[in-house]
1. Restricting the search to region 250-278, which residues are in contact with a Ser or Thr (Cβ under 6 Å, 6 or more places away or on another chain) and not in a helix (DSSP H, G or I)?
2. Quick check on region 26-40. Is at least one of its residues more than 19 Å from residue 164 (Cα to Cα) and more than 19 Å from the chain's Cα centre (by Cα)?
3. Name the helices (runs of 4 or more DSSP H) wholly inside region 85-196 in which the number of residues that are more than 22 Å from residue 18 (Cα to Cα) is 1 or more.
4. For region 345-360, does any single residue satisfy the condition of being more than 20 Å from the chain's Cα centre (by Cα) and free of Cβ contacts under 8 Å to residues at least 60 places away in the same chain?
5. Can you say whether residue 86 is within 19 Å of residue 246 (Cα to Cα) and either more than 16 Å from the ligand (Cβ to nearest atom) or surrounded by fewer than 21 Cβ atoms within 10 Å (Cβ to Cβ) (or both), as far as the supplied structure shows?
6. Can you find a residue that is surrounded by fewer than 16 Cβ atoms within 10 Å (Cβ to Cβ), assigned by TED's automatic domain parsing to the domain that holds residue 201 and under 23 Å from the mean Cα position of the chain (by Cα) anywhere in region 290-311?
7. Does residue 344 satisfy the criteria of being closer than 14 Å to residue 197 by Cα and either at pLDDT below 95 or in contact with a helix residue (DSSP H, G or I) (Cβ under 6 Å, 6 or more places away or on another chain) (or both)?
8. For region 326-333, state whether one or more residues are more than 10 Å from the ligand (Cβ to nearest atom) and farther than 19 Å from residue 13 by Cβ.
Amino acid sequence: MARVVVVGAGIAGLSAAIHAVSSGHHVVLLEKKTKIGGRGTSQNIDGFSLHYGPHLVDKSGPFFRMCKKLSRVKPDVKSIRLDKIEVTGHGPIRPVGNIKQAALNKRAIRKRSRTNPYYQALIFLSNWGIEDNEYRVNSVVKSRLCVSNEGWIGLIGRLGAALDEVGVLIETRCEVVTIDGHQVHLKDGRNFSCDAVILACGPNGAKQILQPINGDLAEQKFSQLETSVASCVELGLDSRPMAGKHCLIDLEQNAAIIDYAAIQPKLNDTGSHISAIMVSEQSSNSSERLEELLNQHIAGWSKHIITDLRQSRIAVGYSNRINFDAFAKHHILLAGAWVQSDYALSDAAADTGKRAAKGIAGIL
Ligand SMILES: Cc1cc2nc3c(=O)[nH]c(=O)nc-3n(C[C@H](O)[C@H](O)[C@H](O)COP(=O)(O)OP(=O)(O)OC[C@H]3O[C@@H](n4cnc5c(N)ncnc54)[C@H](O)[C@@H]3O)c2cc1C
């Protein structure tokens with residue numbers, strides 16, 4: 001049994017802690033903020049579960065499978081439907097009542113035709129256009145990309161409760177500043193002794209901790225990592241401007257507008273829960289462009305706001321990701337959406353958390 005410190009209680013850190021404890025290790029999970037979940041959480045405001053931008057869960061992916069496995073009551077999810085996804089300027093991905101067009105679209109998607117707007121829209125929706133992930137594109141086609149009735153806070157809560165049940169200490173307001181051999185140092189002056197560390201604190205947090213340990217390797221690995229950023233707005237509305245559509249995708253603007261309530265009626269049966277995202281270059285602030293997009297596609301939305309939450313330039317995805325064991329010689333493993341995985345987004349976070357936990361035995 002090893003003493004393991006996991007740094008960061010986002011999805012990757014929670015997954016790492018769950019898998020490390022189930023492998024028989026003694027685990028402490030340290031989180032610098034006041035609550036767990038990182039970018040994968042939501043907050044309940046005025047009856048709406050508002051997220052850091054749209055969050056669609058893949059019910060066949062490692063994140064949802066882990067939540068399901070650890071829960072007594074199965075989470076209730078509803079799928080986003082191809083006949084209700086519209087590509088602006090082109091029409092629905094599966095047009096009802098136009099069998100010929102529906103067959104053409106299906107063929108283009110099956111052939112993975114990169115010049116076809118419907119296939120491009122699927123790539124965008126599956127992974128916010130960051131890097132192709134065949135697995136997740138298939139998930140949209142097979143109706144496995146879903147909205148949960150409890151928001152991500154519910155799914156994250158299930159992971160926190162599972163850790164609590166097995167007695168794993170989750171310490172919030174604990175910022176790790178340095179690692180010195182087998183000692184983890186916190187900003188508040190406390191230290192934790194351990195045999196292995198899993199850094200699940202995002203690429204910026206990990207880089208800061210790793211630089212003093214092995215500056216050359218940190219520079220080499222992190223200089224290759226590419227991050228894409230997005231602006232997002234979440235809106236609770238007392239109207240239904242999407243008229244039952246699940247999603248609108250604007251390929252020219254790298255943007256999507258989703259109505260969670262249309263997909264998962266349990267979230268709101270009279271109004272709508274709009275979640276819009278625009279992925280952009282690091283330097284550009286797309287918040288204003290996102291509002292223009294909403295005016296263009298769901299006119300009148302601003303007169304019906306019950307509640308809203310806005311984010312600008314939040315890191316959404318990564319390419320040229322780093323291997324989970326790149327710093328294994330220092331007894332440090334990596335986990336997160338920015339770490340190499342066959343999966344993307346939250347599924348990459350859950351998958352790499354598991355791989356790091358399973359890798360502990362090999363570095364002791
Ligand atoms: C706009 C947007 C849309 C998204 N859409 C989807 C989607 O549709 N589907 C999907 O599956 N995924 C989606 N994602 C991705 C998903 O939210 C992330 O991939 C996932 O939450 C990342 O988890 P993580 O644990 O790797 O990192 P994070 O969530 O960033 O967690 C890192 C944690 O480490 C903590 N930390 C940092 N530094 C320290 C330190 N020094 N000491 C202690 N703690 C520290 C942070 O406070 C944080 O809690 C989306 C993300 C965004 C931003």
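1. Passing the criteria: 250, 258, 259, 278.
2. no
3. Passing ranges, in order: 99-110, 117-127, 134-141.
4. Yes, the conditions are met somewhere in region 345-360.
5. yes
6. Checking region 290-311: not a single residue is surrounded by fewer than 16 Cβ atoms within 10 Å (Cβ to Cβ), assigned by TED's automatic domain parsing to the domain that holds residue 201 and under 23 Å from the mean Cα position of the chain (by Cα).
7. no
8. Looking through region 326-333, at least one residue is more than 10 Å from the ligand (Cβ to nearest atom) and farther than 19 Å from residue 13 by Cβ.
The values are calculated or read from the model by the stated rules, or taken from the named source; none is laboratory data. Please read these numbers as outputs of a predicted model, since none were measured by experiment. Heads up, the Cβs are rebuilt from the backbone with ideal geometry, glycines too, and the neighbour counts pull from every protein chain shown.
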